[in-house]
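Trainee: Structure incoming, see below.
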Amino acid sequence: MCGIIGFAGKTEAVPILLDGLERLEYRGYDSAGVATISADGRLQVKKSKGRLSVLRELLDSQNPLSGNIGIGHTRWATHGEPNDTNAHPHVGQERKIAVVHNGIIENYLEIKNSLIRKGVVFSSDTDTEVIVQLLEYYYRKKSDLMDAVYAVLNRIKGAYAMGILCSDFPGQMVAAKKDAPLLIGYGKNKNYIASDVTALLAQTKTVSYMEDGETAVITADGVQIFDRDRFLLEKEKHLIEWDVSAAEKGGYAHFMLKEIMEQPEAVRKTISPRLADGEIVMEELNNASELMKNISRIYIVACGSAYHVGMTGKYALERLLHIPVEACLASEFRYSEPLLGESALVIVISQSGETLDSMAALREAKRKGSKVLSIVNVMGSSIAREADYVLYTWAGPEIAVATTKAYTTQMTLLLMLGVYLAKQLNGIEQEEYAVIIRELQDLPEKISVVMNDPDRYQKAASRYFNHNSVFYIGRNLDYALGLEGSLKLKEISYIHSESYAAGELKHGTISLIEPGTLVVALATYEPLVEKSLSNIVEVKSRGAEVIAMTTERIVSLIESQASEVFVIPKVHSLLQPVLGVIPLQLFAYYVALNRGCDIDKPRNLAKSVTVE
Ligand code: M6R
């Protein structure tokens with residue numbers, strides 16, 4: 001949540017900051033701001049409530065901020081409502097120091113009260129302001145900026161990635177990190193900080209990832225990174241493989257639509273490096289029998305859509321590996337008492353690799369002696385770095401807040417992992433294995449087939465976009481799929497929607513079905529199709545309007561019961577949800593479009609959730 005960009009160079013900072021903020025806006029879009037130090041050493045700040053476009057207009061309509069060094073921020077409000085004052089950067093009362101910050105300072109009230117007693121006057125409701133006021137306070141006392149920075153870091157508790165400017169040091173920017181992502185970007189006579197690699201794609205592809213406890217001093221001519229004891233570090237530099245065009249709309253109306261359409265390619269890129277000579281290869285795991293040695297249960301831990309992937313994985317991995325598999329919400333996992341230890345394997349799934357709850361679950365699992373395998377999209381992200389094993393989904397940058405291509409690649413990779421482990425542990429018949437390999441190869445093509453009939457989804461969307469409440473029902477893998485379909489619809493269209501295991505409906509929820517209620521009935525899991533059909537009939541006989549999704553092989557059984565039918569190709573049952581999610585994504589997209597919603601940036605949300 002929230003995005004940070006910082007630049008130190010020999011050219012004007014503001015255009016680079018604004019470009020970076022535009023690429024970061026998906027991380028938070030309540031307010032935005034920039035600060036620079038001008039050639040004559042003045043600290044200047046402009047910030048405003050609302051989207052980045054509001055800040056741009058402000059900068060255009062007033063004197064533009066000059067200076068070759070600057071920091072910028074796009075905010076997702078935690079402490080204090082979104083308004084001009086609470087927007088970052090925050091400035092100390094002496095107007096010497098400016099700070100942008102991601103994360104939460106947990107002991108901010110105690111620090112704020114003690115500074116108020118010392119006569120400091122606060123102007124915002126944010127936790128961040130204590131950082132800058134405390135910095136100015138220590139700087140006044142110690143007269144050394146880095147001494148003051150370390151004094152602040154020793155005093156604050158919580159999570160932070162921060163960029164700092166001080167008008168006494170007009171050529172330098174300071175950065176610090178703990179429990180929130182921050183990276184350094186390197187250029188010629190220019191260097192950067194950013195909370196997210198996408199902010200830098202147009203500027204540089206060479207980066208270093210800051211670790212917790214590290215600080216950095218960045219100038220146009222160089223970067224120095226220090227550990228928590230202030231020793232200078234030699235940091236490894238990494239080359240980013242993503243292309244800048246992958247993070248641009250490329251002619252599509254929305255990032256979400258572009259990302260839906262990119263799924264065949266994203267899935268192909270995720271599958272093909274892991275298929276060779278008719279076998280699944282997972283070099284990243286070294287030795288699967290070593291990984292699974294003494295493992296008697298698996299936890300799949302994630303949030304939101306990644307958790308829904310975990311639900312699919314629960315059904316699939318239990319079937320393939322014959323051990324208990326539990327899908328857990330990361331935010332609950334860390335506060336329940338999971339049976340961790342050496343006999344538990346924990347699989348953490350995350351697109352961003354920075355979701356705080358998932359990260360905390362990972363740390364808890366490691367602390368208790370479990371091996372952690374992560375499935376992550378963003379290379380070099382915290383979850384990827386801290387897990388014992390990492391499998392990357394090659395989805396490329398995902399910008400729309402509603403995940404699509406990350407979800408399908410996560411699911412494909414998790415299923416491949418299950419099949420791979422089953423094969424290594426002799427848990428799958430050769431014949432079934434061969435079918436799955438063949439169908440994995442054909443999967444990208446089949447996704448294209450499902451997508452290539454947008455009229456069907458558009459038609460259904462224009463028929464139902466005015467409904468206020470929608471139920472998704474399904475059994476087994478279709479139930480897991482319904483969770484995702486329902487989340488997609490509600491997060492971007494703001495229609496109330498719930499997903500139910502179809503057999504559970506009559507234990508309470510069916511009382512909500514009345515004439516005209518829309519039910520999206522998923523019947524792609526063939527072993528249970530008759531039972532799903534009975535559930536469709538039950539809701540229909542209470543007046544529900546039904547959109548059914550099923551496979552081409554059994555459509556004749558279902559179609560007479562539904563007002564609309566989405567038909568997808570039949571593949572191996574474990575791979576079926578990868579195809580099944582596509583109509584649900586497109587239906588949600590077109591419903592939101594019909595309702596005039598802000599599809600890529602739905603209200604109250606942010607792409608990457610780095611607070612608890
Ligand atoms: O980056 P992560 O995969 O860890 O994010 C997890 C969830 O926040 C994410 O899937 C969220 O639910 C999406 N907005 C859903 O579209």
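Trainee: So residue 65 clears everything in (1) in contact with a Ser or Thr (Cβ under 7 Å, 6 or more places away or on another chain); (2) touching a residue at least 60 places away in the same chain (Cβ under 8 Å) except one condition, right? Which one?
Mentor: So residue 65 meets the others, but not (2).
Trainee: Tell me whether segment 469-481 contains one or more residues that are farther than 19 Å from residue 304 by Cα and surrounded by fewer than 24 Cβ atoms within 10 Å (Cβ to Cβ). Reasoning before the result, please.
Mentor: First, pick out the residues of segment 469-481 that are farther than 19 Å from residue 304 by Cα: 469, 475.
Applying the additional criterion that residues be surrounded by fewer than 24 Cβ atoms within 10 Å (Cβ to Cβ) yields 469, 475.
Within segment 469-481, one or more residues are farther than 19 Å from residue 304 by Cα and surrounded by fewer than 24 Cβ atoms within 10 Å (Cβ to Cβ).
Trainee: Could you say whether any residue in segment 147-165 is surrounded by 19 or more Cβ atoms within 10 Å (Cβ to Cβ), over 24 Å from residue 386 (Cβ atoms) and touching a Gly at 6+ places or on another chain (Cβ under 8 Å)?
Mentor: yes
Matching residues to (1) assigned to a helix (DSSP H, G or I); (2) in contact with a strand residue (DSSP E or B) (Cβ under 7 Å, 6 or more places away or on another chain):
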site: 446; (1), (2): yes, no
site: 481; (1), (2): yes, yes
site: 490; (1), (2): yes, yes
site: 497; (1), (2): no, yes
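Here's the yes/no breakdown for (1) at pLDDT 95 or above; (2) of a type in the set (Ser, Thr, Tyr):
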position: 27; (1), (2): no, no
position: 51; (1), (2): no, no
position: 78; (1), (2): no, yes
position: 87; (1), (2): no, no
position: 91; (1), (2): yes, no
position: 131; (1), (2): yes, no
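Trainee: Only one of these is within 29 Å of residue 171 (Cβ to Cβ) and not in a loop (DSSP other than H, G, I, E, B): 55, 65. Name it. If you could, list the steps in order and put the result at the bottom.
Mentor: Values: 65 fails: not in a loop (DSSP other than H, G, I, E, B).
Sole residue among the options that is within 29 Å of residue 171 (Cβ to Cβ) and not in a loop (DSSP other than H, G, I, E, B): 55.
Trainee: Is it fair to say residue 118 is farther than 27 Å from residue 52 by Cβ, surrounded by fewer than 19 Cβ atoms within 10 Å (Cβ to Cβ) and in contact with an Asp or Glu (Cβ under 6 Å, 6 or more places away or on another chain)? Break it down stepwise before answering.
Mentor: Numbers: farther than 27 Å from residue 52 by Cβ: yes; surrounded by fewer than 19 Cβ atoms within 10 Å (Cβ to Cβ): yes; in contact with an Asp or Glu (Cβ under 6 Å, 6 or more places away or on another chain): no.
For residue 118, the condition - farther than 27 Å from residue 52 by Cβ, surrounded by fewer than 19 Cβ atoms within 10 Å (Cβ to Cβ) and in contact with an Asp or Glu (Cβ under 6 Å, 6 or more places away or on another chain) - is not met.
For every residue, the table says whether it meets (1) polar (S, T, N, Q); (2) within 14 Å of the ligand (Cβ to nearest atom); (3) within 23 Å of residue 392 (Cβ to Cβ).
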site: 280; (1), (2), (3): no, no, yes
site: 288; (1), (2), (3): no, no, yes
site: 299; (1), (2), (3): no, no, yes
site: 310; (1), (2), (3): no, yes, yes
site: 336; (1), (2), (3): yes, no, no
site: 342; (1), (2), (3): no, no, no
site: 346; (1), (2), (3): no, no, yes
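Trainee: Right, residue 17: among the aliphatic types (A, V, I, L, M), in a helix (DSSP H, G or I), surrounded by 17 or more Cβ atoms within 10 Å (Cβ to Cβ) and in contact with a Cys (Cβ under 9 Å, 6 or more places away or on another chain) or not?
Mentor: Values: among the aliphatic types (A, V, I, L, M): yes; in a helix (DSSP H, G or I): yes; surrounded by 17 or more Cβ atoms within 10 Å (Cβ to Cβ): yes; in contact with a Cys (Cβ under 9 Å, 6 or more places away or on another chain): no.
Against the criterion (among the aliphatic types (A, V, I, L, M), in a helix (DSSP H, G or I), surrounded by 17 or more Cβ atoms within 10 Å (Cβ to Cβ) and in contact with a Cys (Cβ under 9 Å, 6 or more places away or on another chain)), residue 17 does not qualify.
Trainee: Where in segment 270-361 are there helices (runs of 4 or more DSSP H), lying fully within it, with 1 or more residues that are out of contact with any strand residue (DSSP E or B) (no Cβ under 7 Å at 6 or more places or on another chain), crowded, with 24+ Cβ neighbours inside 10 Å and modelled with pLDDT of 95 or more? It would help to see each step written out before you state the result.
Mentor: Numbers: elements: 288-292, 304-321, 330-333.
Answer list for segment 270-361: 304-321.
Trainee: Assess whether residue 470 counts as being among the aliphatic types (A, V, I, L, M), away from the ligand (no atom under 16 Å from the Cβ), touching a residue at least 12 places away in the same chain (Cβ under 8 Å) and in contact with a His (Cβ under 9 Å, 6 or more places away or on another chain).
Mentor: Numbers: among the aliphatic types (A, V, I, L, M): yes; away from the ligand (no atom under 16 Å from the Cβ): yes; touching a residue at least 12 places away in the same chain (Cβ under 8 Å): yes; in contact with a His (Cβ under 9 Å, 6 or more places away or on another chain): yes.
So residue 470 passes the test.
Trainee: Can you go through 196, 212 and tell me which one is surrounded by fewer than 18 Cβ atoms within 10 Å (Cβ to Cβ) and among the acidic types (Asp, Glu)?
Mentor: Working: 196 fails: surrounded by fewer than 18 Cβ atoms within 10 Å (Cβ to Cβ).
Step by step, each of 196, 212 is checked, and only 212 is surrounded by fewer than 18 Cβ atoms within 10 Å (Cβ to Cβ) and among the acidic types (Asp, Glu).
Trainee: Can I ask one more? Would a scan of segment 394-407 turn up a residue that is within 12 Å of the ligand (Cβ to nearest atom) and acidic (Asp, Glu)?
Mentor: Yes; the residues of segment 394-407 include at least one that is within 12 Å of the ligand (Cβ to nearest atom) and acidic (Asp, Glu).
Trainee: Further question: Would you check if residue 355 is within 11 Å of the ligand (Cβ to nearest atom), touching a Cys at 6+ places or on another chain (Cβ under 9 Å) and among the β-branched types (Val, Ile, Thr)? If you could, list the steps in order and put the result at the bottom.
Mentor: On the way: within 11 Å of the ligand (Cβ to nearest atom): yes; touching a Cys at 6+ places or on another chain (Cβ under 9 Å): yes; among the β-branched types (Val, Ile, Thr): yes.
Here the answer is yes, as residue 355 does meet what is asked.
Trainee: So which residues in segment 584-612 are touching a residue at least 60 places away in the same chain (Cβ under 8 Å), of a type outside the set (A, V, I, L, M, F, W, C) and farther than 15 Å from residue 465 by Cα? Spell out the reasoning first.
Mentor: Let us first name the residues in segment 584-612 that are touching a residue at least 60 places away in the same chain (Cβ under 8 Å), namely 584-595, 597, 599-603, 605-612.
With the extra rule that they be of a type outside the set (A, V, I, L, M, F, W, C), the set shrinks to 585, 589-590, 594-595, 600-603, 607-608, 610, 612.
Of everything in segment 584-612, those that are touching a residue at least 60 places away in the same chain (Cβ under 8 Å), of a type outside the set (A, V, I, L, M, F, W, C) and farther than 15 Å from residue 465 by Cα turn out to be 600, 601, 602, 603, 607, 608, 610, 612.
Trainee: State which residue pairs qualify: first residue within 19 Å of residue 607 (Cβ to Cβ) and inside segment 304-319, second residue near the ligand (Cβ under 8 Å from one of its atoms) and aliphatic (A, V, I, L, M) in any location, beta carbons under 6 Å apart, and separation of 6 or more residues or different chains.
Mentor: Taking only residues 6 or more apart or on different chains, the pairs are 306/349; 309/349.
Trainee: Related question: If residue 178 meets every condition in (1) surrounded by fewer than 24 Cβ atoms within 10 Å (Cβ to Cβ); (2) of a type outside the set (A, V, I, L, M); (3) over 30 Å from residue 114 (Cα atoms) apart from one, which number is that one?
Mentor: (3)
Trainee: Under the condition of being within 11 Å of the ligand (Cβ to nearest atom) and in a helix (DSSP H, G or I), which residue from segment 363-384 is surrounded by the most Cβ atoms within 10 Å (Cβ to Cβ)? I'd like the intermediate steps shown before the answer.
Mentor: Just the residues of segment 363-384 that are within 11 Å of the ligand (Cβ to nearest atom), to begin with: 374-378, 381-383.
Checking the rest, the ones that are also in a helix (DSSP H, G or I) come to 382-383.
On the way: 382: 28, 383: 26.
The selected residue is 382.
Trainee: Every residue in segment 243-269 that is more than 18 Å from residue 413 (Cβ to Cβ) and outside any helix (DSSP H, G or I), please. Step through it out loud before you land on a result.
Mentor: Here is the first cut: in segment 243-269, the residues more than 18 Å from residue 413 (Cβ to Cβ) are 243-258, 260-261.
Listed by number, the residues that qualify are 243, 248, 249, 250, 251, 252, 253, 254.
The values are calculated or read from the model by the stated rules, or taken from the named source; none is laboratory data. Given the structure is predicted, the values throughout are model-derived calculations rather than measurements. Cβ: placed from backbone, ideal geometry, glycine included. Neighbour counts: every protein chain shown.
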